[in-house]
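The structure appears right after this line, and notes come after that.
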Amino acid sequence: MKGKQVVEFFGGVRAAARALGLGASTVCQWKDEVPVSRHIHVQLAMEAETKRRADEAAKETKKAARKAR
């Protein structure tokens, strides 16, 4: 797992660190690879974020549909 991909997914080092409950300096050290010991933690956080984004998009879609009526 590439550190750059994780940072881009969350929208920056600080956002990634906040989502993972880590310090920004820790995330900055992941320039090439996320440590294997963090893979599951990162994967779970990314899955949770993906679900949150999908829920938010669904909510916005429903809101737009109600306004269109």
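Each row is one residue, and each column tells you yes or no for (1) charged (D, E, K, R); (2) at pLDDT 95 or above.
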| site | (1), (2) |
| --- | --- |
| THR26 | no, yes |
| ASP32 | yes, no |
| SER37 | no, yes |
| GLU49 | yes, yes |
| LYS59 | yes, no |
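Output the residues belonging to the range 20-30 that are surrounded by 10 or more Cβ atoms within 10 Å (Cβ to Cβ) and under 15 Å from LYS4 (Cα atoms).
If we filter the range 20-30 for residues that are surrounded by 10 or more Cβ atoms within 10 Å (Cβ to Cβ), which is where we start, we get 20, 22-24, 26-30.
Of everything in the range 20-30, those that are surrounded by 10 or more Cβ atoms within 10 Å (Cβ to Cβ) and under 15 Å from LYS4 (Cα atoms) turn out to be LEU20, ALA24, THR26, VAL27, CYS28, GLN29, TRP30.
The set of residues from the range 15-37 being assigned to a helix (DSSP H, G or I) and either β-branched (Val, Ile, Thr) or under 11 Å from the mean Cα position of the chain (by Cα) (or both) comprises ALA15, ALA16, ALA17, ARG18, ALA19, LEU20, THR26, VAL27, VAL36.
Could we say that ALA54 is aliphatic (A, V, I, L, M) and at pLDDT below 95 here? When the stated conditions are applied, ALA54 does not pass them.
Among the residues of the range 40-61, just one is exposed (fewer than 11 other Cβ atoms within 10 Å of the Cβ) and of a type in the set (Ser, Thr, Tyr), namely THR61.
The values are calculated or read from the model by the stated rules, or taken from the named source; none is laboratory data. What you see is a predicted model; the values in this text were computed from it and never measured. For neighbour counting, all protein chains shown are included, and Cβ atoms are generated from backbone atoms with ideal geometry for every residue, glycine included.
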